[in-house]
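Working notes, beginning with the structure itself.
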């Protein structure tokens with residue numbers, strides 16, 4: 001009887017010993033517009049050791065530190081990103097010829113794919129690594145005369161990602177007219193990734209089924225008194241795996257111009273698979289010159305995450321704005337780190353026509369409080385940053401709309417002097433940032449990054465003011481009278497008091 005029970009137990013326990021991972025595993029996923037994207041995993045098992053490579057987006061990457069434990073595997077893929085080693089951890093288990101594989105990125109972000117066992121053949125040799133292209137230094141691309149104040153508008157990615165469509169863009173444009181966003185200065189309606197299909201026989205970029213007629217969409221947005229933006233990458237594929245502009249820069253720029261496009265966000269992504277990253281300025285200059293020669297004024301937004309000292313050369317390659325950081329997330333930690341910590345010492349690179357870009361606004365997406373969103377809006381405006389809303393403007397609360405359309409705060413962002421704020425004082429979690437404005441006034445932010453309410457003081461000597469100054473609270477829309485030498489206010493946790501300070505000498 002004991003033997004029978006033991007045998008029955010073996011039959012009932014899932015098989016964790018016999019999984020053989022050798023062979024070809026394939027992940028196939030459908031994108032929002034019905035396109036198919038495939039990733040292959042070629043594996044070879046040798047006892048508890050695992051070797052092989054991952055193939056996707058036109059490149060093959062060897063796995064390392066591969067281990068097998070019963071029906072589970074783990075391995076690492078090491079990527080060289082701008083001279084820094086980036087380790088991506090993979091862990092998964094097989095059930096009935098299906099491998100459920102989770103990947104964890106260095107920043108903690110996780111994703112999961114499902115792979116089917118296609119064959120048990122031994123992996124073919126790893127394809128040779130593609131030789132990286134090194135470009136000579138590019139000639140300076142002349143300024144296009146655009147974006148003399150930071151661009152304002154909306155971008156699809158933060159809220160809609162790959163779900164964006166022609167219909168959604170039209171609805172957003174309608175909403176921006178209806179709810180006052182357009183009148184407040186938000187005029188760009190920008191389509192991010194996933195609009196692209198392949199190319200026709202002549203190499204012309206095609207739109208996919210989500211965007212049946214891009215020119216008609218541009219005409220519609222223009223009829224509302226606004227402008228249309230689009231997205232691409234200098235690599236073979238975009239970040240989401242769609243068609244990039246590699247070796248089609250001039251052709252794509254002319255296509256954008258023919259469609260009536262007014263703004264291009266150009267995202268590095270797979271360019272790292274074909275270009276030596278030291279060639280990044282020259283790569284961006286190729287599209288900068290192509291846009292300049294397209295016959296249409298198109299704002300040029302560089303999305304290269306601030307690497308390789310991007311702010312130093314962004315203007316010289318034709319850029320009107322350039323990212324200074326990685327992607328923002330809708331939470332206090334991400335927003336405050338990007339806005340406060342990563343914008344120090346960058347003010348010298350900003351000015352009319354050329355702006356530091358700490359990424360899009362998350363205001364209204366739900367991950368922060370209204371107090372934190374006011375801090376977000378205040379800090380971006382003090383930084384003379386592009387103001388690109390990233391929420392669903394078709395359904396926005398009055399409180400969020402009030403934050404996004406505060407005319408006094410927007411006036412700081414759009415000040416024609418174009419001077420980016422600097423941090424002028426710091427006391428633990430309390431910070432004061434200030435920027436000069438046209439006409440002699442100053443915009444000042446009293447910030448409290450701490451966990452409880454605190455009194456914050458802006459001293460005129462830190463800002464460069466002497467004597468008396470008139471103070472106006474830009475969120476309360478209230479004059480605070482004259483102040484001599486300093487201004488103090490109680491500031492809530494994660495909050496801001498934003499003031500306009502007008503010295504007597506400015507009259």
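With a 10 Å radius around each residue's Cβ, average the other Cβ atoms per peptide and rank 40-47, 383-390, highest first. If you can, show how the numbers build up before the last one.
Details: 40-47: 17.6, 383-390: 26.1.
The densest-packed peptide leads the list: 383-390, 40-47.
Which whole-number value in Å³ per residue fits the convex hull of the alpha carbons of the stretch 437-507? Spell out each step's value before the answer.
Numbers: hull volume 5.7 nm³, N = 71.
Per residue, the Cα convex hull of the stretch 437-507 comes to 81 Å³.
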- Sticking with the crude label model, points 7 Å out along Cα→Cβ, report the distance from residue 64 to residue 486 in nm, one decimal please. 5.4
- Task: Would you mind giving the three semi-axes, in whole Å and largest first, of the ellipsoid equivalent to the stretch 94-191 according to its Cα gyration tensor?
- Result: 43, 27, 12
- Item | Cβ-derived FRET efficiency at R0 22 Å, residue 197 paired with residue 118, nearest 0.05 | 0.25
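Mean residue ellipticity at 222 nm from the helices of the chain, using -39,500 (n - 2.57) per DSSP H segment of n ≥ 4 over the full residue count, to the nearest 500 deg cm²/dmol?
Details: 12 runs with 102 residues, N = 507.
Mean residue ellipticity at 222 nm (helix-derived): -5500 deg cm²/dmol.
Can you run the Rg to Rh ratio on the chain? Use alpha carbon positions and the Kirkwood inverse-distance Rh. Mind dumping the intermediate values first?
Values: Rg = 26.3 Å, Rh = 25.2 Å.
Ratio value, two decimals: 1.04.
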- Item | Considering only the chain, percent of DSSP beta bridges that pair antiparallel, nearest 5 | 80
- Query: Share of antiparallel DSSP beta bridges in the stretch 152-418, in percent to the nearest 5?
  - Reply: 15
- Overall dimensions of the stretch 121-240 as given by Cα atoms, namely Rg and Dmax in Å: 18.9, 63
- Message: Compute for the stretch 152-418: radius of gyration divided by Kirkwood radius, i.e. Rg/Rh, restricted to C-alpha atoms, rounded to two decimals.
- Response: 0.94
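Apply the a/c threshold of 1.5 to the C-alpha gyration tensor of the stretch 210-280 and tell me whether it is rounded, prolate or oblate. Present the calculation step by step, with values, prior to reporting the outcome.
Details: a/c = 2.52, a/b = 2.34, b/c = 1.08.
It comes out prolate by the Cα gyration axes.
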- Query: Does the stretch 82-136 come out rounded, prolate or oblate, given a ≥ b ≥ c as the square roots of the eigenvalues of its C-alpha gyration tensor, rounded meaning a/c under 1.5 and, failing that, prolate meaning a/b above b/c?
  - Reply: oblate
- Task: For the stretch 170-252, calculate the relative contact order in percent as a whole number, restricting contacts to Cα pairs under 8 Å that are 6 or more residues apart.
- Result: 31
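In square nanometres, what is the average projected area of the Cα convex hull of the stretch 336-441? The partial results should precede the final answer.
On the way: hull surface 28.2 nm².
With the hull built on Cα positions only, its mean projection is 7.1 nm².
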- State, as an integer percentage, the relative contact order of the chain based on alpha-carbon contacts under 8 Å between residues 6 or more apart. 10
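Could you estimate the translational diffusion coefficient of the stretch 349-507 from the Stokes-Einstein equation, with Rh from the Kirkwood formula over C-alpha pairs, at 20 °C and 1.002 mPa s, in whole µm²/s?
135
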- Measure of compaction for the stretch 14-119 (Cα Rg per 2.2 N^0.38 Å): 1.08
- Item | Average Cα contact separation per residue, the stretch 152-418, under 8 Å, 6 or more apart, as relative contact order % | 17
- Rounded to whole angstrom, the alpha-carbon centroid of the stretch 431-445 lies from that of the stretch 387-404 at a distance of 25
- Listed with the fewest Cβ neighbours within 10 Å leading, 143, 186, 349 appear as 143, 349, 186
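Rule-based calculations on the coordinates, nothing more; no lab input. Worth saying up front: this structure is predicted, and the values here are computed from it rather than measured. Every residue, glycine as well, gets a Cβ built from its backbone with ideal geometry; the counts of neighbours run over all protein chains shown.
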